[in-house]
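A.B. asks: The structure under discussion is supplied below as structure tokens; questions concerning it will follow.
Bear in mind these aren't lab numbers, they're just calculated from the coordinates by the rules spelled out. Not measured: the values here are computed from a predicted model. Reconstructed Cβ throughout: ideal geometry from the backbone, glycine too, with neighbour counts over all protein chains shown.
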Amino acid sequence: MPEISRFFGIIVAMYYDDHQPPHFHVRYGSKKGRFAIDDLRMLDGKLSPRTRGLVIEWAALHQEELRRDWERAGRHEPLVPVPPLE
């Protein structure tokens with residue numbers, strides 16, 4: 001699973017040829033979650049409220065880049081790293 005960003009110990013990645021809806025995966029320690037790109041809701045997983053908040057803040061700033069990487073992943077093209085939350 002290609003990593004596209006990392007910040008505050010949070011790892012964000014996307015799979016090639018993943019299923020709809022467009023989404024990204026998050027890992028923080030042993031916890032995991034999936035977030036929809038279009039509305040930034042958490043689709044499944046278990047993350048603390050603080051971690052979810054940081055992920056949503058980051059994703060809101062980079063929604064367009066996430067959409068472009070989702071399209072690249074569908075075409076098996078290299079994904080472009082997304083800047084971390086600072």
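A.B. asks: Over the chain, what relative contact order in percent results from Cα pairs under 8 Å that are six or more residues apart?
C.D. replies: It rounds to 28 percent for the chain.
A.B. asks: Right, next: Specify the angular offset, from 0 to 90 degrees and rounded to the nearest 10, of the alpha carbon long axis of helix 49-61 from the longest principal axis of the alpha carbons in the chain.
C.D. replies: 40
A.B. asks: If r is the Cβ-Cβ distance from A60 to D17 and R0 is 25 Å, what FRET efficiency results, to the nearest 0.05?
C.D. replies: Here the calculated transfer efficiency is 0.45.
A.B. asks: Also, quick follow-up: Can you give the calculated 222 nm mean residue ellipticity of the chain, where each DSSP H run of n ≥ 4 adds -39,500 (n - 2.57) and the sum is split over every residue, rounded to the nearest 500 deg cm²/dmol?
C.D. replies: So the helix-based figure for the chain works out to -9000 deg cm²/dmol.
A.B. asks: Points 7 angstrom from Cα along the Cβ direction at R50 and H76: gap in nanometres?
C.D. replies: Taking the two extended label points, one gets 4.2 nm.
A.B. asks: Also, quick follow-up: List the extent of the Cα atoms of region 3-74 along each of their three principal axes, largest first, rounded to whole Å.
C.D. replies: Result, largest extent first: 29, 22, 19 Å.
A.B. asks: If you don't mind, there's one more thing I want to ask. Counting other Cβ atoms within 10 Å of each Cβ, which trypsin sites (Lys or Arg not before Pro) in the chain have at most 15 and sit in a DSSP loop?
C.D. replies: R41, K46, R75
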